[in-house]
Amino acid sequence: MSTFEPRIIAFCCYYCAYSAADLAGSMRLQYPASIRMIELPCSGKIEHNMLLTAFEEGADGVYVAGCMEGDCHYLKGNIRARKRVEYVKKLLDELGIGGDRLEMFNLSSAMGPRFAEIANEMTERIRALGPSPLNKAHSQTEKDGEDA
Amino acid sequence: MSDPATQDGRKFTTESKLEKLFARGEFVVTSEIGPQKGASADSIIHHTAESKTYCDGFNITDNQSAVVRLSSIAGAVHILRHGGNPIMQMTCRDRNRIAIQSDLLGAYSLGIRDVLCLSGDHQSFGNHPSAKNVFDIDSIQLIALVKMMRDEKRMLSGEEMKDEPRFYIGAVESPFGDPLELRVMRLAKKVRAGAQFIQTQAIFDVEQFAHWMSLVRSAGLDQRVNIMAGVIPVKSLRALKYMKENVAGISVPDELIERMAKAENQQEEGKAIAVELIGKLRNIAGVKGIHIMPVSWEAVLPEIVTRAGLHARPVID
Amino acid sequence: MIVAEQKPLTEIAENIKDAQKVLVVGCGGCVTVCLSGGQKEVDILATSLRILRKKDGTPIDTATETLERQCDKEYVDKLAEKVQAADCVVSLACGVGVQYLAERYPDKVIIPAQNTKFIGGTTEHGIWEERCALCGECILAQTGGICPIIRCSKSILNGPCGGSQGGKCEVNPDTPCAWTLIYGQLKRQGREAALGEIFPVKDWSKARDGGPRKYVREDVLL
């Protein structure tokens with residue numbers, strides 16, 4: 001299990017998390033290579049189905065990073081994003097994937113270290129949870145194929 | 001069908017004992033029996049024997065709180081057989097107009113002479129919350145229907161019948177329900193529909209009830225219907241608090257809660273409170289009787305009636 | 001609008017367990033407005049079903065389509081090819097849409113993905129409330145525009161009952177007592193005296209109790 005490197009998709013708001021990632025880079029802060037970032041014009045752009053699709057296509061964990069509450073460039077985008085994340089968490093529980101694999105974070109563009117911290121935190125969480133049940137099934141089929 | 005019974009040269013609408021007592025100006029006392037949740041009338045028979053000389057009639061409830069129990073018609077017949085005078089409760093929750101009329105005919109044929117018309121507690125409070133309710137007609141329409149069958153010898157459809165059921169018609173009212181103006185208006189509506197006696201929801205707040213009665217009197221309703229004030233003897237502080245907090249239409253003053261809390265023996269205090277309430281309520285102008293509801297404490301009735309000075313119940317020849 | 005709520009995924013999944021190709025069909029009418037069966041919900045449901053089956057090692061293919069309305073034959077006809085290609089069809093329409101699909105495509109198993117709840121409207125974003133009982137004989141003129149049939153828990157026509165307290169229904173403290181509302185409304189309009197009249201019994205034969213109903217407009221028949 002210790003060799004398991006999770007695939008994590010981070011949907012990042014252009015105004016905060018995405019810039020915070022840049023800052024983390026220029027500060028030479030280390031964060032795991034497991035994180036694949038997708039830039040959003042606002043965390044409120046996230047849709048339920050985008051989150052689900054990320055899991056369907058192989059993510060072991062997903063998170064959405066938006067601005068601090070009250071600081072959304074579009075006023076309420078991050079609040080809406082949180083509600084959608086909460087909804088999809090329940091759906092993931094129902095689907096047997098587990099709502100813990102999805103999270104919502106808030107940070108500002110000045111929080112480079114926080115960005116790295118979130119990336120580490122999420123990687124640790126998913127590592128502890130192990131591969132997504134979809135990926136387990138997938139690797140199992142691949143292995144069966146190899147054996148044959 | 002013979003003409004309605006006559007006495008003292010006075011015409012009665014029914015053969016009901018209650019009607020005669022009210023006509024004679026007696027202060028009428030009724031009580032209540034809740035049937036068992038089983039196919040036995042033991043408790044009904046027991047309570048009838050124990051209390052029949054302490055009241056003029058027993059309400060027999062119709063699956064109260066929407067909990068399945070032995071039917072009110074069967075219960076009423078058991079009371080009759082054991083020398084009591086049943087007041088059959090009938091709700092609109094479980095029967096459509098066909099079943100209601102059929103049950104009224106059946107009940108009358110079995111000797112039941114008094115019926116109390118209610119909407120019925122919503123099934124969500126009972127032991128079958130997933131039941132479908134009926135509410136084909138409502139309690140006021142039920143009152144009007146019982147009267148129509150009796151006075152016009154017709155069914156709701158207008159069809160005539162030969163042997164009509166001649167019930168003395170009762171209804172309930174909640175003096176502390178909201179909105180107050182509408183409550184008095186609705187009582188008037190029940191009277192207009194045909195209600196001849198009214199049993200009120202349990203009263204703990206005498207002052208508030210007296211105010212309601214003053215509204216009733218100014219509407220002249222006390223002259224047109226016999227109002228019986230409801231009293232629930234309460235066994236414990238917990239029961240009193242429960243009613244204050246959970247039962248719609250019951251208002252319990254804080255003083256009463258404090259008094260109960262301080263009591264050394266809550267059961268005894270509960271009896272004392274009930275006796276005092278009866279004493280105060282009967283002195284309010286327009287109150288023609290008391291309806292005592294000893295909810296799962298039926299055995300207390302004789303003592304309360306005796307202590308309230310109401311034991312010597314009048315006899316009808 | 002007709003308000004519907006999606007069934008639990010497990011129930012839908014159980015009903016399609018033998019299928020490999022599933023067509024998920026939404027409706028652009030009421031259920032789009034009440035956010036339970038439009039294009040978005042179609043996509044979410046299709047993805048969810050694929051995830052569920054992939055996880056179970058029995059992956060499925062899904063196709064999706066959202067019709068203008070599922071309660072019109074003209075639109076339902078347009079699905080023919082996609083229905084042909086599918087093993088079964090999951091409908092996110094109300095009960096009417098499901099039946100229209102079932103009538104048009106009798107050889108296919110049509111699975112409802114919704115519990116059709118009531119006729120109502122939005123009281124605030126994300127909250128829908130029932131407003132009409134479809135009783136077939138509207139009495140709103142007499143009741144101040146507030147329907148006691150559907151908004152009173154006991155459908156009482158001469159209310160309120162004893163369970164009304166503080167303007168709320170005892171069945172649910174979140175529900176206003178319909179008769180308190182009616183009284184307030186009629187009083188505002190100076191019409192409250194009308195409540196003294198006994199409201200006659202209702203003719204339920206005009207409602208569902210009379211059997212499935214039909215409405216015919218001779219002048220527009222083709």
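The values are calculated or read from the model by the stated rules, or taken from the named source; none is laboratory data. Everything numeric in this text was worked out from a predicted model, so none of it was measured. Backbone-built Cβ (ideal geometry, glycine too); neighbour counts: all protein chains shown. Surface areas here come from the heavy atoms of the whole protein model, side chains and all, with no ligands, DNA or RNA. Shrake-Rupley method; radii C 1.70, N 1.55, O 1.52, S 1.80 Å.
By how many degrees, 0 to 90 and rounded to 10, does the Cα axis of helix B:237-246 deviate from the longest principal axis of chain B?
50 degrees
How long are the semi-axes of the ellipsoid equivalent to segment A:8-147, from square roots of 5 times the Cα gyration tensor eigenvalues, in whole Å, largest first?
After scaling each eigenvalue by five and taking roots: 27, 18, 11 Å.
Here is the link list: C:Lys117/C:Lys206; B:Lys147/C:Lys168; B:Lys147/B:Lys244; B:Lys37/B:Lys235; B:Lys11/B:Lys288. Which ones come out longer than 27 Å on Cα distance?
B:Lys147/C:Lys168; B:Lys147/B:Lys244
If you build a Gaussian network model of chain C, linking Cα atoms that sit under 10 Å apart, which residue out of C:Arg50, C:Arg188, C:Arg131 swings the most?
Evaluated over chain C, the most mobile residue of the options is C:Arg188.
Binned at 5 Å from 0, what are the whole-percent values of the Cα-Cα distance distribution for segment C:76-199, short to long?
For segment C:76-199, the pair-distance distribution reads 2, 10, 15, 15, 13, 9, 8, 8, 7, 6, 4, 2, 0.
Does segment C:2-118 come out rounded, prolate or oblate, given a ≥ b ≥ c as the square roots of the eigenvalues of its C-alpha gyration tensor, rounded meaning a/c under 1.5 and, failing that, prolate meaning a/b above b/c?
oblate
Across chain A, how many lysine pairs, 8 or more apart or on two chains, come within less than 29 Å at their alpha-carbon atoms?
9
Would you please give the FRET efficiency between A:Ala110 and A:Leu75, computed as 1/(1 + (r/R0)^6) with r the Cβ-Cβ distance and R0 = 22 Å, to the nearest 0.05?
Approximately 0.65, to the nearest 0.05.
Treat chain C as a sphere of radius equal to its Kirkwood radius over Cα pairs and apply Stokes-Einstein at 25 °C in a medium of 0.890 mPa s; give the translational diffusion coefficient in µm²/s, rounded to a whole number. Walk me through the numbers before you get to the answer.
Working: Rh = 20.1 Å.
Result for D is 122 µm²/s.
Which three lengths, in whole Å and largest first, does segment B:6-307 cover when its Cα atoms are put on their principal axes?
For segment B:6-307, the Cα extents along the three principal axes come out at 61, 45, 38 Å.
Taking all protein chains as present, what is the carbon and sulfur share of the accessible area of segment C:134-210, in % to the nearest whole number, probe 1.4 Å?
Of all accessible area on segment C:134-210, carbon and sulfur atoms account for 54 percent.
What 222 nm value per residue comes from the helices of chain A, counting each DSSP H run with n ≥ 4 as -39,500 (n - 2.57) and dividing by all residues, nearest 500 deg cm²/dmol?
My calculation for chain A gives -15500 deg cm²/dmol from helical runs alone.
Using only Cα atoms, what Kirkwood radius does the protein assembly as shown have, in angstroms?
Taking every pair of different Cα atoms in the protein assembly as shown, averaging 1/r and inverting gives 30.3 Å.
Could you work out what % of the accessible surface of segment B:247-317 is carbon and sulfur, using a 1.4 angstrom probe and leaving DNA, RNA and ligands out of the count? Present the calculation step by step, with values, prior to reporting the outcome.
Details: 1660 of 3320 Å².
C and S atoms contribute 50 percent here.
Can you figure out the FRET efficiency of C:Trp204 with C:Lys40, using R₀ = 41 Å and their beta-carbon distance, to the nearest 0.05? Show your work: numbers first, answer last.
On the way: r = 39 Å, r/R0 = 0.95.
Plugging the Cβ-Cβ distance into 1/(1 + (r/R0)^6) gives 0.60.
Rounded to the nearest 0.05, what FRET efficiency do B:Ala99 and A:Tyr14 have when you use their Cβ-Cβ distance and R0 = 56 Å?
0.25
Can you list residues from other chains, or at least 5 along the same chain, whose modelled amide H is less than 5 Å from the amide H of C:Ala63?
C:Val22, C:Leu23, C:Val24
Kindly point out, ordered by number, any Cys in chain A whose beta-carbon has no other cysteine beta-carbon under 4.7 Å away.
When partners are defined as cysteine Cβ atoms under 4.7 Å apart, chain A leaves A:Cys12, A:Cys13, A:Cys42, A:Cys72 without one.
Would you please classify the overall shape of segment C:134-210 from the alpha carbon gyration tensor, given that a ≥ b ≥ c denote the square roots of the eigenvalues, rounded means a/c under 1.5, and beyond that prolate means a/b larger than b/c while oblate covers the rest?
oblate
Excluding ligands, DNA and RNA, what is the accessible area buried between chains B and C, summed over both sides, using a 1.4 Å probe, to the nearest 100 Å²? Present the calculation step by step, with values, prior to reporting the outcome.
Numbers: alone 14280 and 13530 Å², together 25270 Å².
It comes to approximately 2500 Å² buried between B and C.
If contacts are Cα pairs under 8 angstrom and at least 6 residues apart, what is the relative contact order of chain B in percent?
19 percent
In whole angstrom, note down how far apart the Cα centers of segment A:1-68 and segment B:96-121 are.
The distance from the Cα centre of segment A:1-68 to that of segment B:96-121 comes to 70 Å.
Take the alpha-carbon centre of segment B:203-276, take the same for segment C:118-189, and report the distance between them in whole Å.
30 Å
Find the eigenvalues of the gyration tensor of the Cα atoms of segment B:117-265, then list the square roots of 5 times those eigenvalues as equivalent ellipsoid semi-axes, largest first, in whole angstrom.
Values: eigenvalues 221, 83, 32 Å².
The answer is 33, 20, 13 Å, longest axis first.
If I take the Cα coordinates of segment B:204-317 and project them onto the principal axes, what are the three extents in Å, biggest first?
42, 35, 20
Which value, in Å², gives the accessible area per residue of the protein assembly as shown when a 1.4 Å probe is used on the protein heavy atoms?
Accessible area per residue, the protein assembly as shown: 47 Å².
Could you name the aspartates and glutamates whose alpha carbon sits less than 14 Å from that of C:Lys187, not counting residues in the same chain fewer than 8 places away?
Cα-Cα hits under 14 Å: B:Glu181.
Each label point is 7 Å from the Cα along the Cα-to-Cβ direction; what then is the distance between the points at C:Arg188 and A:Phe4, in nm?
6.0 nm
Need the list of aspartates and glutamates near C:Lys54 for cross-linking: C-alpha distance under 12 angstrom, and skip anything on the same chain fewer than eight residues off.
Straight-distance partners of C:Lys54: A:Glu56, A:Glu57.
Can you quote the Å³ per residue value for the convex hull of the Cα atoms in segment B:1-130, rounded to an integer?
So the per-residue hull volume is 120 Å³.
Given points 7 Å out from each Cα along the Cα-Cβ axis, report the B:Thr53 to A:Tyr87 separation in nanometres with one decimal.
Each label point lies 7 Å from its Cα, and together they span 7.3 nm.
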